[in-house]
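Engineer: I'd like to ask some things about the structure below.
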Amino acid sequence: MLGSANRDPAVFDDPDRFDVARKGPPHLAFGGGEHYCLGHQLARLDTRAAIGEFVRRVERPAIVERGVAWSPSFFRVLGALPVRFG
C-alpha cells in the first residue's frame with residue numbers, strides 16, 4: 001500500500017511519529033528505478049527555498065506535538081502541523 005511506505009514498524013522505531021531527523025533506510029518519497037519521479041529536483045528546490053525562508057523569518061520554531069494530525073488521504077500527508085515560535 002502506498003500510504004504505508006516508510007512506516008514499517010519492523011524497520012522504523014515509532015513509525016507513526018513525525019520525526020524529520022529519523023535515521024534508517026532512505027525514504028521512498030520519490031520512488032525508485034524507472035518509476036523515479038521526474039519532478040524530484042523541482043520539489044527539492046521548492047522545499048529548500050520554503051524551509052530556508054521560514055528559518056530566516058521565524059525565531060525559535062517548535063512543533064506542538066499534541067496538535068499534529070494526518071489527513072484522511074490515500075497518501076500520507078499532514079492535515080495539521082501546529083508550530084509555536086517565540
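Engineer: Report the extension gain between F74 and V20 in nm, rounded to one decimal, defined as 0.36 nm multiplied by the number of residues separating them, less their alpha carbon distance.
Structural biologist: Full extension of this stretch gives 17.3 nm more.
Engineer: Apply the Karplus curve 6.51 cos²θ - 1.76 cosθ + 1.60, θ = phi - 60°, to the phi angles in segment 31-37 and return the couplings in whole Hz, x for Gly and Pro.
Structural biologist: x, x, x, 5, 9, 5, 5
Engineer: Below 14 angstrom from the Cβ of G52, what's the summed charge of the other residues (Lys, Arg +1; Asp, Glu -1)?
Structural biologist: Summing Lys/Arg as +1 and Asp/Glu as -1 gives +2.
Engineer: OK, next. Take R84, project a point 7 Å from its Cα along the Cβ direction, then tell me which residues of segment 54-72 have their backbone nitrogen under 14 Å from it.
Structural biologist: Only 60-68 fall inside the zone, counting backbone N under 14 Å.
Engineer: Using helices alone, I'd like the mean residue ellipticity at 222 nm for the chain: each DSSP H run of four-plus residues gives -39500 (n - 2.57), total over residue count, nearest 500.
Structural biologist: So the calculated ellipticity at 222 nm is -7000 deg cm²/dmol.
Engineer: Tell me the angle of helix 40-57 to the major Cα principal axis of the chain, expressed in degrees between 0 and 90 and rounded to the nearest ten.
Structural biologist: 20 degrees
Engineer: Please compute, over every Cα-Cα pair in the chain, the percentage with a separation greater than 15 angstrom.
Structural biologist: When every Cα pair of the chain is considered, 71 percent fall beyond 15 Å.
Engineer: Between F12 and E53, take the C-beta separation as r, use R0 = 35 Å, and let me know the FRET efficiency to the nearest 0.05.
Structural biologist: FRET efficiency, F12 to E53: 0.75.
Laboratory data are not the source of any read-out in this text; all were calculated from the coordinates shown. Nothing here was measured: the structure is a model prediction, and the numbers come from that model. Note that we place each Cβ from the backbone using ideal geometry, even for glycine, and neighbour counts take in every protein chain shown.
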